[in-house]
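Take a look at the structure set out below.
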Amino acid sequence: MSVSDRLAELGIELPAVAAPVAAYVPAVVHGGLVYTSGQLPFVDGALPAVGKVGAEVSAEDAKTYARTCALNALAAAADAAGGVDRIAGVLRVGGFVASAEGFMGQPGVINGSSDVLGEIFGDAGRHARAAVGVAELPLGSPVEVEVAFLLA
C-alpha cells in the first residue's frame with residue numbers, strides 16, 4: 001500500500017509545509033534520506049499552545065502536539081522529496097519538550113510522534129529516537145520534533 005493510500009485509510013490529510021521561522025529550509029534530501037528541520041506544532045500557521053509541559057501545557061496535550069509536529073515533518077519531507085510516496089520509512093526522530101521543573105515525561109510526549117509514524121509506515125516506521133527536556137523552544141512552543149526519513 002502506498003503512503004498516500006495509507007494516509008487516506010487513516011483519514012490523515014497532511015498540512016501545508018510550515019514556513020521557516022528563521023534562516024533554514026524545512027527539509028533537505030541527501031544520500032537516500034530526507035532530513036527535516038525541527039518542526040513546531042503549527043496548525044494553519046499558528047501554535048495551538050505555548051508554555052512548558054508540566055505547567056501551562058498538560059503532557060496529554062503535548063503528546064497531541066508532538067503528533068502534529070510529526071505530520072508537519074512528513075509534509076516537509078514529502079515536499080522536498082517530490083511527493084509523499086517517495087518516503088519509504090523513518091530512520092530517526094529527535095523530540096524536544098519545553099519542560100517545567102520536575103517534569104520527566106518527555107518520552108511519553110514524544111510518543112505522539114512515534115505512534116503516528118508507526119501508524120502510517122508500519123514496520124518501516126520503527127526508528128531510533130531521542131526525547132529531550134529543554135528550558136525553552138522557539139516561539140514558546142511546548143514541543144519540537146525533527147525526523148530523518150528514508151527515501152523510496
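Of note:
- Residue match in segment 54-74 (condition: touching a Lys or Arg at 6+ places or on another chain (Cβ under 9 Å), touching a residue at least 24 places away in the same chain (Cβ under 8 Å) and among the aliphatic types (A, V, I, L, M)): no
- Scanning segment 22-45 for residues that are of a type in the set (Val, Ile, Thr) and under 10 Å from the mean Cα position of the chain (by Cα) turns up just one, 36.
- Residue check: residue 34 meets all listed conditions (1) within 22 Å of residue 126 (Cβ to Cβ); (2) out of contact with any strand residue (DSSP E or B) (no Cβ under 7 Å at 6 or more places or on another chain) but one, namely (2).
- Taking strands (runs of 3 or more DSSP E) as the structural unit, those lying wholly within segment 1-105 and holding at least 3 residues that are open to solvent by less than 70 Å² (accessible area, probe 1.4 Å) and farther than 24 Å from residue 137 by Cα correspond to 87-98.
- Unique match (being at positive phi, surrounded by fewer than 19 Cβ atoms within 10 Å (Cβ to Cβ) and more than 10 Å from the chain's Cα centre (by Cα)) among 139, 151: 139
- Listed by first and then second residue, the pairs with beta-carbon distance under 7 Å, at least 6 apart or on different chains, first residue in segment 16-44 and in contact (Cβ under 8 Å) with a residue 60 or more places away in the chain and at negative phi, second surrounded by fewer than 20 Cβ atoms within 10 Å (Cβ to Cβ) and hydroxyl-bearing (Ser, Thr, Tyr), are 37/24.
- Among (1) closer than 24 Å to residue 24 by Cβ; (2) open to solvent by 20 Å² or more (accessible area, probe 1.4 Å) - the single one residue 110 does not satisfy: (2)
The values are calculated or read from the model by the stated rules, or taken from the named source; none is laboratory data. Keep in mind that what you see is a predicted model, and the values were worked out from it rather than measured. Glycine also receives a Cβ, built like all others from the backbone with ideal geometry; neighbour counts cover every protein chain displayed. Each accessible area value is taken on the protein alone, full model and side chains, heavy atoms only, with ligands, DNA and RNA left out. Shrake-Rupley method; radii C 1.70, N 1.55, O 1.52, S 1.80 Å.
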